[in-house]
Amino acid sequence: MALGGDADRPETTAPPAGAASLAHALARYRPLFDEVVDDWDAFIDSLRRPLATCLWARPGRADGGTLQALLAEQGVPSSPVPWLADAPGTALALPPGFKAGQHWWYCAGLAHAQEAVSQLPVLLLDLAPGHRVLDLCAAPGGKTAQVALSLGNRGTVLANDFAMDRIAALQGNLDRLGVVNVTTTRWDGGNYPVGAGPFDRILVDAPCSSEGTLRRNPGLVTKLGAERSTRMAGRQRALLRKAVKLCRPGGRILYSTCTFAPEENELVVADVLAEQDGRLRLLPAHVPGLLSGPGVTRWQGRALPDVLAGCLRVWPHANDTGGFFIAVLEKDGAASCVPEAEPLHPALEPADVDWCRALGEHYGIPEPLEIQFRVHRQTRRGLHLAAPDHAPPVAPRPEGSGLFFHRTNIRPPKLTTAGALLLGRQATRQVLDLDAPDARDAYLRRQTLTPTVAQRASCRPGQVIVRHRGHPLGVAVLHRSGELESLFPRKWSGCTAAG
């Protein structure tokens, strides 16, 4: 099983839709052309071409040059996306169809796959250290990870979604990327508890009709239409209204969708702006180097406020991307505010400190973990690490807080793979480097292998952290026989190098 990213969401296997089918399905947008956008034929043609894969390098683990060099070794061309130069982590465009999740460096958390236009919201949130942030519709987690790493992996980010399987996918991506300043919650975003707020920044990447993903999901062409968009709009308004309520006065809300429909975009924003009666204002959205269109100010006979032209629309043919919509909103500094959240203070038993110190001693980690992180126990399974200043609220009840790093309910206790990826660069002993690609791939496929005497010279029998080129891959057991037993997670074991 390959590891997923935002660009690895399930996609249809249908062939590209014909130009006539697309033109018919999207015909209601034809009047917008020559008003807010040009070249209808180029728009339709772009939707019939496959979309380039996009990766971003995980700050602190790899820069853009490192990631490009790894791709070049595999014969994969890549180039920086110029209009994402200010985004967290260098963004690289790759050929369509490239499966990032099947490569060792992806398993090691050096990169994340995320469609280029999906990286725009975090760029426009105007994040700064100390901001308290809510991602109201967070799965599968690419934007959440961008937010978290933009804050230096410190402070407090809440990532919410409504389905347990989506939360699991979200947490898996955060763990692989070593994110420790996020607490996940499972809640209906439109009814999110006010006890969680207020927040300095709120991201509402709303569920939508997904018309802008037609290049990845051509089968959607038969499901499009005004009726579907109208159904979605009710939920979208509820999400945006809740975000306004939870936003701190003077704070910023970013509302985004990946659809063309004004019913889900400008009309939602217009209605919420009108309800707020001046307590909320729309900020002009602009990204240097990105060819974008203005927001719609007239739709099917309805005149909308001129200010909505300040919304940002990305049409697929302008930058060879998917379609996207963004509205940046600022809450008035004199507006009302929900009460400050009551912080959660998870307990740490003395025995848990002993577990941490034993682990640090085993791997030769110089600085005590309980000083580097806020160590806490969420379940009987083991221990989690969070940023030392991470302060999630009591409500809603977290699904997870920080990164699960040490399983203590088994004998012997075991560092998790996510824990190895996070802490493995600090380890000074019980570290085994597999430099040969075949040995690396055998480990990732959960095969038993026999490292050389030199490779295991500094390790005694027992659990070891496996690295490749200095990058941690996970945990293994070195037996007295000299054999190395891979403990790479079974659900990740399809993650192998491709060249």
Restricting to the chain, what percent of DSSP beta bridges are antiparallel, rounded to 5? 70
Between T379 and A85, what is the label-point separation in nm under the 7 Å Cα-to-beta-carbon projection? 4.6
Taking placed amide H atoms and a strict 5 Å upper bound, the residues 5 or more places from R298 or on another chain that come that close are L304
Test of understanding: what is the full-extension gain from V194 to H24, defined as 0.36 nm times their sequence separation minus their Cα-Cα distance? 56.8 nm
Separation between Cα centres of the range 153-182 and the range 258-288, rounded to whole Å: 27
Listed with the fewest Cβ neighbours within 10 Å leading, S481, S210, S256 appear as S481, S210, S256
Taking 0.36 nm per residue of separation and subtracting the Cα-Cα distance, what length does fully extending Q102 through E35 add? 19.8 nm
Give the order of M232, M164 when sorted by the count of other beta carbons within 10 angstrom, beginning with the fewest. M164, M232
Long-range amide H partners of T185 with built H, under 5 Å: A159, N160, D161, E399
Cβ crowding within 10 Å averaged over residues, with 325-338, 132-145, 262-275, 63-76 ranked highest first: 132-145, 262-275, 325-338, 63-76
Extension gain (nm, one decimal) between R490 and D332, 0.36 nm per residue minus Cα-Cα: 51.9 nm
Inter-part gap, Cα centre of the range 48-76 to Cα centre of the range 373-430, in whole angstrom, is 29
Exposure proxy check: I167, I202, I465 ranked by fewest other beta carbons within 10 Å? I167, I465, I202
Along the range 115-130, Karplus-curve 3J(HN,Hα) (6.51, -1.76, 1.60; θ = phi - 60°) to the nearest Hz, with x for Gly and Pro, reads 3, 4, 5, 5, 8, 5, x, 5, 4, 9, 6, 6, 7, 9, x, x
Karplus 3J(HN,Hα) series, Hz, for the range 270-275 with 6.51 cos²θ - 1.76 cosθ + 1.60 (x for Gly, Pro): 4, 5, 5, 4, 5, 4
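Every number here is computed from the coordinates shown, using simple stated rules; none is lab data. Since this is a predicted model, take the numbers as computed values, not measurements. Here Cβ is always computed from backbone atoms with ideal geometry, including for glycine, and neighbour counts include all displayed protein chains.
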